[in-house]
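**Q** Dropping the structure in here first, questions after.
The values are calculated or read from the model by the stated rules, or taken from the named source; none is laboratory data. For clarity, every value in this text was computed on a predicted model and none was experimentally measured. Cβ placement follows ideal geometry from the backbone for every residue including glycine, while neighbour counts extend to all protein chains displayed.
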Amino acid sequence: MFFEINPNNIDQRLVDETVQVLKKGGLVIFPTDSVYAIGCDLSNKKALHQLAKFKGERLNKVHFSIICKDLTELSSHTKQLDKPTFKLIKQCLPGPYTFILRASSNIPKLFDSNKKEIGIRITDNLITQAIVESLGNPIASASLHDDNAPILEYFTNPYHIFENYENKVGVIIDGGIGKIEPSTVIDCFSGENAKIIRLGAGKINL
């Protein structure tokens, strides 16, 4: 299915249809405040395996981010944040940033791994916000393009995305032309101080 959704006048019916596809284990391609992404219902293990397969990885090896609706949802998926980290996250989110944080005990169970960290996003894209809100839990997501490859036009133009992926996913959402910069990734897990490990759409000085 191909849904055109105006971010300034969101059709809740199309959001609800997208959520139903997610709840049934389907994959969805959607816009963010950086590049177009592909995702699934974080609570659906079968869908997580499908998403990993789409990215050419095993579930216990792949690095997905999870898109939360707001800061209150972080506590279910991350360990308690110290004050400097929380202040930084609150300053940046929602926005085009991915924060690598210490994972809560339920993350290894979800991903069949011993993962101790998890990437967290809260996007300010209104379409994706509406989907996550209606779903009632986070979306596991990854950039549609390969992180090691250049972002070509068919990763930014929804019609080209549809031509390439219509038979591989349940829903493709046209939310306008996507950006060519991925999110800025900030590591708050590996050391005492936050560190930028990928500078992207989110501008920040640490």
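**Q** Looking only at segment 163-182, how many residues end up being of a type outside the set (A, V, I, L, M, F, W, C), more than 25 Å from LYS46 (Cα to Cα) and part of a loop (DSSP other than H, G, I, E, B)?
**A** Within segment 163-182, residues that are of a type outside the set (A, V, I, L, M, F, W, C), more than 25 Å from LYS46 (Cα to Cα) and part of a loop (DSSP other than H, G, I, E, B) number 6.
**Q** For residues that are touching a residue at least 12 places away in the same chain (Cβ under 8 Å) and either part of a helix (DSSP H, G or I) or among the aromatic types (Phe, Trp, Tyr) (or both), tally how many sit in segment 87-119.
**A** Number of matching residues: 10.
**Q** May I pose another question? Across segment 185-206, which residue is nearest to ILE100 (Cα to Cα) among those that are modelled with pLDDT under 95 and surrounded by 21 or more Cβ atoms within 10 Å (Cβ to Cβ)?
**A** Selected residue: CYS188.
**Q** Among the residues of segment 121-136, count how many are surrounded by 21 or more Cβ atoms within 10 Å (Cβ to Cβ) and charged (D, E, K, R).
**A** Qualifying residue count, segment 121-136: 1.
**Q** Further question: Just give me the residues in segment 161-175 being within 15 Å of HIS145 (Cα to Cα) and surrounded by 16 or more Cβ atoms within 10 Å (Cβ to Cβ), in sequence order.
**A** Answer for segment 161-175, where residues must be within 15 Å of HIS145 (Cα to Cα) and surrounded by 16 or more Cβ atoms within 10 Å (Cβ to Cβ): ILE161, PHE162, TYR165, VAL169, ILE172.
**Q** Would you please name the residue that is modelled with the lowest pLDDT, looking only at residues in segment 1-17 that are exposed (fewer than 15 other Cβ atoms within 10 Å of the Cβ) and either among the aliphatic types (A, V, I, L, M) or touching a helix residue (DSSP H, G or I) at 6+ places or on another chain (Cβ under 7 Å) (or both)?
**A** PRO7
**Q** For segment 43-77, name all the residues that are among the basic types (Lys, Arg) and either at pLDDT 95 or above or farther than 30 Å from GLU192 by Cα (or both).
**A** Residues satisfying the conditions are LYS45, LYS46, LYS53, LYS55, ARG58.
**Q** Please enumerate the residues belonging to segment 28-42 that are modelled with pLDDT of 95 or more and either of a type in the set (Asp, Glu) or surrounded by fewer than 22 Cβ atoms within 10 Å (Cβ to Cβ) (or both).
**A** ASP41
**Q** Let me confirm something: among LEU59, LEU42, which residue is within 20 Å of LYS109 (Cα to Cα) and either of a type in the set (S, T, N, Q) or under 14 Å from the mean Cα position of the chain (by Cα) (or both)?
**A** LEU42
**Q** Sticking with this structure for a sec: Is it fair to say SER183 is under 19 Å from SER141 (Cα atoms) and among the polar types (S, T, N, Q)?
**A** So SER183 fits the description; yes.
**Q** What residue, of GLN80, GLN20, is more than 15 Å from LEU126 (Cβ to Cβ) and either within 14 Å of the chain's Cα centre (by Cα) or at pLDDT 95 or above (or both)?
**A** Working: GLN80 fails: either within 14 Å of the chain's Cα centre (by Cα) or at pLDDT 95 or above (or both).
From the options GLN80, GLN20, the qualifying one is GLN20.
**Q** What is the one condition in (1) out of contact with any Lys or Arg (no Cβ under 6 Å at 6 or more places or on another chain); (2) aliphatic (A, V, I, L, M); (3) over 17 Å from CYS40 (Cα atoms) that VAL185 does not satisfy?
**A** Only one criterion in (1) out of contact with any Lys or Arg (no Cβ under 6 Å at 6 or more places or on another chain); (2) aliphatic (A, V, I, L, M); (3) over 17 Å from CYS40 (Cα atoms) is unmet by VAL185, namely (1).
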